[in-house]
């Protein structure tokens, strides 16, 4: 008879929203593009700094080729997950990565599914 230890929901809760957000390939791609915004989006330093303020949602929409409403919904998911931050500039919304939160997520995943846990899984 096999028993399974299920982690308390509270232990995994902080990881679930970011992982769900990243499960969508377009959202993951956008997050990757935002890592180097100057390489992937038009930059006009007279208007905004893409690293400090972010990339206009219209540029993200143009690059993905998706409807504006879809891109806005995707960006809202990334923002709720804490992976991006938004800034309003006039009537436009700009998005940039939340590097601190992304670093935390990577470190927490390492702790949660690190070498010890992988070794335990392989032994079972």
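Derivation of every value follows stated rules applied to the coordinates shown; laboratory data play no part. Fair warning: this is a prediction, and the values are worked out from it, not measured in the lab. In this analysis, Cβ positions are derived from the backbone assuming ideal geometry, glycine residues included, and neighbour counts consider all displayed protein chains.
Taking a point 7 Å from the Cα of residue 29 along the Cα-to-Cβ direction, the residues of the stretch 61-93 with backbone N closer than 18 Å to it are 61-78.
Using a Förster radius of 25 Å, what is the FRET efficiency between residue 49 and residue 72 based on their Cβ-Cβ separation? Nearest 0.05, please.
Once rounded, the FRET efficiency stands at 0.70.
The slack in the chain from residue 103 to residue 79, taken as 0.36 nm per residue of separation less the alpha-carbon distance, amounts to 7.1 nm. At full extension, residue 13 and residue 38 could sit 5.6 nm farther apart than now, given 0.36 nm per residue minus the alpha carbon distance.
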